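*Asks:* Following this message is one structure expressed as structure tokens.
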Amino acid sequence: MKGFTLNTLASTIAVLCGTLLLPTGAQANETATADLEKIEITGFRSNLARNKSLKKESIGSQDSIFAEDIGEFPDANLAESLQRIPGVSISRDSGEGRQISLRGLGPNFTRTRLNGMEALFTTDSGIDQRGSASRTRDFDFSVFASELFNRIDVRKSYDASQDEGGIAGTVDLFTAKPFDYSSEGFHGAVNVKGIYNDKTENTDPRIAALVSNSWDNFGALVSVAYSEVDTIEEGYHVWSWRQASFGAENVADSVNSAVRERLVNSSSRDRVFVPRANNIASWANTRERLGITGAFQWQASDTVSFDLDVLYGKLSNDRIENQISTAGTNAFTGDVTQSQLLVDAAIEGDDLVFASFENLDLRTESKVSFGESTFYQATLTSNIELTDNFSASILLGTSDSEFDQPIHDKVFSEAENHAFSVDWRNADFGQNTYDFDITDFSEWSLMRTDVREDQITNNYNTFQADFSYQLSDEHSLKFGIQSKSYESSGFERRNRVDWENNVDAPEAVFQLTDIPILRPYAIANNQATFERVVATGLISRELDASFNRPGTVYEIEEDTIGVYGQYIWETDINGMRFRGNAGLRWYETDQVSSGQVNTGNGFEQAVFERSYSDILPSVNLVLDITDNWLIRAGANRSL
């Protein structure tokens, strides 16, 4: 219980004793005056109350989390903290939250602001089905430890003062400031944790520290958070379930005639869905995260203040992935039209839940990747009271993020012409059966090697001025202007060699899977095999612009100016408190994008320009029926 000191406890005991041995007359008055002391209770419970109060008092629909909330929970990052808010769900990667969905809409429909300005942080997933490197404006929350922030606001309704573009809502993140503390002087905190993982058998460190001091009208704060986490995922997955497409010659007469008819003649009205690839997979990841914040506040006068906030984040992922799948040359990955033969099958509903093949080629994959993301931001804010009724807030900010993945190497090996079956009946995942020893190195041969590099950069520069004029105690006007520029660029480079039937193909160096998995199998040792294939001169890990993957090289420049005006009121209707805001926002956006475009005759460099503008009205209303019940309504136009 913070704020409950020994001195306060002693005073409280004295007051309680006084009620038992009550003095008389003037002595009683003097004792009561001397011994009464204000007891202020803070901490987790008080912040829950603060959150509830803020949600109730806000005109729009809003939820908030304060510092003590985050500090009390074992949250790995901001996404983990945000999932505690109603209407927020998260996606996970390496056992941690990565991106959020708000009110059922995907991450691209939510705007995220750091210390008042829009920002973007890009990273990737180790699993291809989870999107790999992100080329959208989806904010990745996994980069920041929750300890770096003292407040998160999730605005589920829109008003004219907010940036346009967040149909689902807006997430505002605020780092700590020295004047946030009720008392002046030095404040410090250190938090050290160790996380033990029985899969990796490692104990990973998690450290956070904060130092703050204030001197009259100036304050400074620095916070640091560092963590390292080793994780392992193992399991069974398919690329997807897709509509069956079997050639008549690929289904043996031994298959039930009704099943055969549905598979060969699957149509939109009688569809059958089949599982693709049927992978047994596992991957290990070492994730390092470092975050640093700095805040400097200067109260220049009674009417003018300045805040400088800086933020640095760095996230790296060092991964190894292994998998065995039905993705060889003659594959069971969708269309079954090659030499494989289905000899038995079962359908339940619209799903192929059992399939037994002959002449199927299997594939193992060994992948090593390393990716690193960095983020920088600086914002300077000034709050000015121009008159007793007129105030201004001015913000200048810049942010820059870069994702770099210099290593993304894959080695595929193949075992040809085997019998295989997969059974989804009476099981939570597919049960694979092979007709050979999948740990036998002699059954496998080098199939393919891939190398890849990715790089994505994002930059924001923002100027914003907001003004507020108090017409009366119940009515006010708010208006402002914003100028925002956004730049993004990126590329993806790849090189690939298929070694099947290649007389120069070297022998792969095989090993058993070296991370826990549902069952062991043979894979190519990634590094040792790459040394052999690079020695042939047919593939290189050093990729220049000549290896750019067509259609992945791009540059975007976007400039937006916005102006808004808003009327805010509070009044009574039949004794019920009625409040709200109504406003208009006008914006104009100019975009220039360039990149490689498929013209039908190949890829050519092209430049596209466009401009668009609109007016976005919004209104939010709140009627407090009683102290405990209120009605909130809102309507807006956004994009």
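*Asks:* Assigned to a strand (DSSP E or B) and basic (Lys, Arg): does that describe Arg319? If you could, list the steps in order and put the result at the bottom.
*Replies:* Details: assigned to a strand (DSSP E or B): yes; basic (Lys, Arg): yes.
Yes.
*Asks:* Take the residues in the stretch 212-247 that are among the polar types (S, T, N, Q) and assigned to a loop (DSSP other than H, G, I, E, B); name whichever of them is most open to solvent (accessible area, probe 1.4 Å). Quick ask: steps written out before the conclusion?
*Replies:* Filtering the stretch 212-247 for residues among the polar types (S, T, N, Q) gives 212-214, 217, 223, 227, 231, 240, 243, 245.
From what is left, the residues that are assigned to a loop (DSSP other than H, G, I, E, B) are 217, 240.
Numbers: Asn217: 58, Ser240: 41 Å².
Taking the candidates together, the pick is Asn217.
*Asks:* Residues being within 30 Å of Leu105 (Cα to Cα) and of a type outside the set (Gly, Ala, Ser): count how many of those fall in the stretch 166-192.
*Replies:* Of the residues in the stretch 166-192, the ones within 30 Å of Leu105 (Cα to Cα) are 166-176.
With of a type outside the set (Gly, Ala, Ser) added as a condition, the list becomes 167, 170-175.
Number satisfying all stated conditions: 7.
*Asks:* When the residues of the stretch 169-187 are filtered to those that are under 30 Å from Asp63 (Cβ atoms), in contact (Cβ under 8 Å) with a residue 12 or more places away in the chain and out of contact with any helix residue (DSSP H, G or I) (no Cβ under 9 Å at 6 or more places or on another chain), which remaining residue is surrounded by the most Cβ atoms within 10 Å (Cβ to Cβ)?
*Replies:* Taking the stretch 169-187 and keeping what is under 30 Å from Asp63 (Cβ atoms), we get 169-183, 187.
Within this subset, residues satisfying the condition of being in contact (Cβ under 8 Å) with a residue 12 or more places away in the chain are 169-181, 187.
Now drop any that are not out of contact with any helix residue (DSSP H, G or I) (no Cβ under 9 Å at 6 or more places or on another chain), which leaves 170, 172, 174, 177-179, 181.
On the way: Thr170: 23, Asp172: 18, Phe174: 19, Lys177: 20, Pro178: 21, Phe179: 18, Tyr181: 16.
Among those residues, the one meeting the criterion is Thr170.
*Asks:* To continue, here is another question. Would you confirm whether or not the stretch 613-627 contains a residue that is among the polar types (S, T, N, Q) and surrounded by fewer than 16 Cβ atoms within 10 Å (Cβ to Cβ)? Give the steps one after another, and end with the answer.
*Replies:* In the first step, residues of the stretch 613-627 are kept if they are among the polar types (S, T, N, Q); the result is 613, 618, 620, 626.
Restricting the remaining residues to those that are surrounded by fewer than 16 Cβ atoms within 10 Å (Cβ to Cβ) gives 613, 626.
Within the stretch 613-627, one or more residues are among the polar types (S, T, N, Q) and surrounded by fewer than 16 Cβ atoms within 10 Å (Cβ to Cβ).
*Asks:* Then there is this: What is the residue count in the stretch 365-382 for residues that are open to solvent by less than 30 Å² (accessible area, probe 1.4 Å) and charged (D, E, K, R)?
*Replies:* Going through the stretch 365-382 one residue at a time, the tally reaches 2.
*Asks:* Please specify each residue of the stretch 260-279 satisfying the condition of being outside any strand (DSSP E or B) and either among the acidic types (Asp, Glu) or open to solvent by less than 20 Å² (accessible area, probe 1.4 Å) (or both). So that I can check it myself, show each step before the final result.
*Replies:* Start the filter on the stretch 260-279 by keeping residues that are outside any strand (DSSP E or B), which leaves 260-272, 276-278.
Matches in the stretch 260-279: Glu261, Leu263, Asp270, Val272, Ala277, Asn278.
*Asks:* Right, something else. Can we say Phe357 is more than 36 Å from the chain's Cα centre (by Cα), in a strand (DSSP E or B) and not polar (S, T, N, Q)? Quick ask: steps written out before the conclusion?
*Replies:* Values: more than 36 Å from the chain's Cα centre (by Cα): yes; in a strand (DSSP E or B): yes; not polar (S, T, N, Q): yes.
So Phe357 fits the description; yes.
*Asks:* Now a separate question. Is one or more of the residues making up the stretch 263-270 among the charged types (D, E, K, R), closer than 30 Å to Gly334 by Cβ and out of contact with any strand residue (DSSP E or B) (no Cβ under 6 Å at 6 or more places or on another chain)?
*Replies:* yes
*Asks:* Hey, can you tell me all the residues within the stretch 99-116 that are out of contact with any Phe, Trp or Tyr (no Cβ under 7 Å at 6 or more places or on another chain), outside any strand (DSSP E or B) and open to solvent by less than 30 Å² (accessible area, probe 1.4 Å)?
*Replies:* Gly106, Gly116
Yes/no per residue for (1) within 30 Å of the chain's Cα centre (by Cα); (2) open to solvent by less than 60 Å² (accessible area, probe 1.4 Å); (3) closer than 30 Å to Lys56 by Cα:
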{"residue": "Ala535", "(1), (2), (3)": "no, no, no"}
{"residue": "Ser546", "(1), (2), (3)": "no, no, no"}
{"residue": "Tyr567", "(1), (2), (3)": "no, no, yes"}
{"residue": "Gly575", "(1), (2), (3)": "no, no, yes"}
{"residue": "Tyr587", "(1), (2), (3)": "yes, yes, no"}
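*Asks:* So, Lys484, is that one among the charged types (D, E, K, R), open to solvent by 40 Å² or more (accessible area, probe 1.4 Å) and in contact with a Ser or Thr (Cβ under 6 Å, 6 or more places away or on another chain) or not? Outline the logic, then answer.
*Replies:* Working: among the charged types (D, E, K, R): yes; open to solvent by 40 Å² or more (accessible area, probe 1.4 Å): no; in contact with a Ser or Thr (Cβ under 6 Å, 6 or more places away or on another chain): yes.
No: the conditions fail for Lys484.
The values are calculated or read from the model by the stated rules, or taken from the named source; none is laboratory data. Everything quoted here is computed from the prediction, not taken from an experiment. Ideal geometry is used to build each Cβ from the backbone, glycine not excepted, and the neighbour counts take in all protein chains shown. Remember, those area values only see protein heavy atoms, side chains included, never the ligands or the DNA or RNA. Shrake-Rupley method; radii C 1.70, N 1.55, O 1.52, S 1.80 Å.
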